[in-house]
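Data block below; observations after.
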Amino acid sequence: MVGEAMIGITALKSAFDLTKGLKDVDDRVRLNDARMELQQKILDAQEAQSALLEKLGNLEKELALLKSWEADKQRYALTDMGSGVLAYKVKEGHENGEPSHSLCSSCYNDSHKSILVSATWNPGRCHVLVCNDCGWYGYISGMAHAEHKDLRPKPFRGR
Ligand SMILES: [Zn+2]
């Protein structure tokens, strides 16, 4: 972004320098060349400004999302879900009409809201929590089994 700003400033500075020299130009060909160069410098400055405005708009959207997430994440507390499995569980009284749920701690720390899904994996009738975003899973009860590898979530985020 600083790069575009510098391009715009440089283009305007050289356009300004060009106009200072124009008053001394009496040759029509040189005058036309100077005009065309001046128009190009102005176009360069306008392009740099457009690029800056687009980037600024994108940054404003990103900032709004981050502010929204910062407010939302205060609703959750890091909680032992059982067997030392940690997740961010919605605090009591902060459900905002949603059913009680918990978020993946890895995704949470990456500023991404991913609701954990509860599942039973067989053999062993294991109770697991699964994040379908990053592919994390945690056993709340039961033991890992080789056949569980086919049940593991396939992460789609961060690929
Ligand atoms: Zn996750």
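Miscellaneous remarks
- Selection count where residues are over 26 Å from the mean Cα position of the chain (by Cα), closer than 18 Å to Gly84 by Cβ and either near the ligand (Cβ under 9 Å from one of its atoms) or among the polar types (S, T, N, Q) (or both), scope the range 117-141: 2
- In the range 110-157, the residues that are at positive phi and touching a residue at least 40 places away in the same chain (Cβ under 8 Å): Ser111
- Qualifying residue in the range 142-157 (condition: surrounded by 13 or more Cβ atoms within 10 Å (Cβ to Cβ), among the small types (Gly, Ala, Ser) and within 16 Å of the ligand (Cβ to nearest atom)): no
- Residue match in the range 60-75 (condition: within 30 Å of His127 (Cα to Cα) and either in contact (Cβ under 8 Å) with a residue 60 or more places away in the chain or more than 18 Å from the chain's Cα centre (by Cα) (or both)): yes
- Qualifying residue in the range 102-116 (condition: more than 16 Å from the ligand (Cβ to nearest atom) and in contact with a His (Cβ under 8 Å, 6 or more places away or on another chain)): no
- On the stretch given as the range 21-40, residues that are part of a helix (DSSP H, G or I) and either among the hydroxyl-bearing types (Ser, Thr, Tyr) or at pLDDT 75 or above (or both) total 13.
The values are calculated or read from the model by the stated rules, or taken from the named source; none is laboratory data. None of these values were measured; they are calculated from a predicted model. In this analysis, Cβ positions are derived from the backbone assuming ideal geometry, glycine residues included, and neighbour counts consider all displayed protein chains.
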